[in-house]
Amino acid sequence: MNKVFKHLLIFALFTPTLALAKQTVSVDYMHGFDDIDGVRFAYRPVEQTLATDWFGDLKLYWEVSAVVWEYGEDDTHSTSYGVSLTPVFMKQVTTLYDKYPVYLEAGIGASYIGDQKVAGKDIGSNYQFEDRLGVFVELDKNQHVALRYMHFSNGGLNNDNPGLDFLNLSYAYHF
């Protein structure tokens with residue numbers, strides 16, 4: 001009974017913090033290097049600032065996302081789906097026109113791809129790593145646009161590992 005009470009107390013203490021945290025939703029257009037096109041929807045339930053000696057202040061956010069990829073002509077068309085959970089670090093690097101903060105971001109997360117064959121490639125496993133590098137501009141306190149390079153790979157955990165590469169254009173809204 002003590003354990004249950006302890007967990008309930010911890011949950012009660014942290015729930016208001018999460019409820020008041022800045023949350024974000026985003027949508028990306030993805031264009032793959034193998035003529036794969038897709039749409040990506042993401043949700044960031046929490047973002048926090050970390051103080052570091054080497055990099056100064058960094059922001060960390062956790063993102064849950066879902067993707068839909070399409071490939072091929074009408075007669076050879078295929079659709080694939082995936083979900084990911086990714087921690088992402090961001091660092092403000094400059095400000096445009098003294099008004100628009102510019103950030104670099106990088107992250108590596110875990111993904112599950114519904115099909116082991118995507119765009120005619122055997123990706124070796126349904127389980128993949130999602131790597132990203134990006135730059136984004138904060139338009140105001142409630143929205144930003146981003147350009148990202150994303151790479152999905154099983155990290156060599158399987159002999160078949162061609163990887164999937166995408167360039168993304170993203171719009172995000174913070175609330």
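The values are calculated or read from the model by the stated rules, or taken from the named source; none is laboratory data. Treat the numbers as computed from the prediction; the structure is a model and nothing was measured. FYI the Cβ positions are ideal-geometry reconstructions off the backbone, even for glycines, and counts take in every protein chain you see.
Some points to look at:
- Pairs where the first residue, in the range 101-116, is without any contact (Cβ under 8 Å) to a residue 60 or more places away in the chain and the second is in a loop (DSSP other than H, G, I, E, B) and aliphatic (A, V, I, L, M), C-beta under 7 Å, 6+ apart: ILE113/ILE123; GLN116/ILE123
Results for (1) at negative phi; (2) among the aliphatic types (A, V, I, L, M), shown as yes or no for each residue.
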{"position": "THR49", "(1), (2)": "yes, no"}
{"position": "GLY56", "(1), (2)": "no, no"}
{"position": "ASP74", "(1), (2)": "yes, no"}
{"position": "SER78", "(1), (2)": "yes, no"}
{"position": "THR86", "(1), (2)": "yes, no"}
{"position": "ASP98", "(1), (2)": "no, no"}
{"position": "LEU104", "(1), (2)": "yes, yes"}
{"position": "GLY107", "(1), (2)": "yes, no"}
{"position": "ASP122", "(1), (2)": "yes, no"}
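- Among (1) out of contact with any Gly (no Cβ under 9 Å at 6 or more places or on another chain); (2) at pLDDT 95 or above; (3) within 15 Å of PRO101 (Cα to Cα); (4) of a type outside the set (Ser, Thr, Tyr) - the single one LEU169 does not satisfy: (3)
- Scan the range 120-162 for residues that are over 20 Å from GLU105 (Cβ atoms) and in contact (Cβ under 8 Å) with a residue 12 or more places away in the chain and the total you get is 16.
- Scanning the range 103-154 for residues that are among the aliphatic types (A, V, I, L, M), surrounded by 16 or more Cβ atoms within 10 Å (Cβ to Cβ), in a strand (DSSP E or B) and in contact with a Lys or Arg (Cβ under 8 Å, 6 or more places away or on another chain) yields a single hit, MET150.
- Pairs with Cβ under 6 Å, 6+ apart, first in the range 24-52 and over 18 Å from ALA146 (Cα atoms), second in a strand (DSSP E or B) and of a type in the set (D, E, K, R): PHE33/ASP165; THR49/ASP57; THR49/LYS59; ALA51/ASP57
- Scanning the range 161-175 for residues that are assigned to a loop (DSSP other than H, G, I, E, B) and out of contact with any Ser or Thr (no Cβ under 8 Å at 6 or more places or on another chain) returns a single hit, PRO162.
- Here LEU60 meets each of (1) farther than 18 Å from ASP35 by Cα; (2) out of contact with any Pro (no Cβ under 7 Å at 6 or more places or on another chain); (3) of a type outside the set (Gly, Ala, Ser); (4) modelled with pLDDT of 95 or more with one exception, condition (2).
- Test: ASP35 is under 19 Å from GLY163 (Cα atoms) and assigned to a loop (DSSP other than H, G, I, E, B): yes
- Long-range neighbours under 9 Å by Cβ, at least six apart or interchain, first residue closer than 12 Å to PHE41 by Cα and of a type in the set (A, V, I, L, M) within the range 64-84, second exposed (fewer than 13 other Cβ atoms within 10 Å of the Cβ) and at pLDDT 95 or above: none
- Residue in the range 12-32 that is closer than 30 Å to LYS121 by Cα and either of a type in the set (A, V, I, L, M) or at pLDDT below 80 (or both) present: yes
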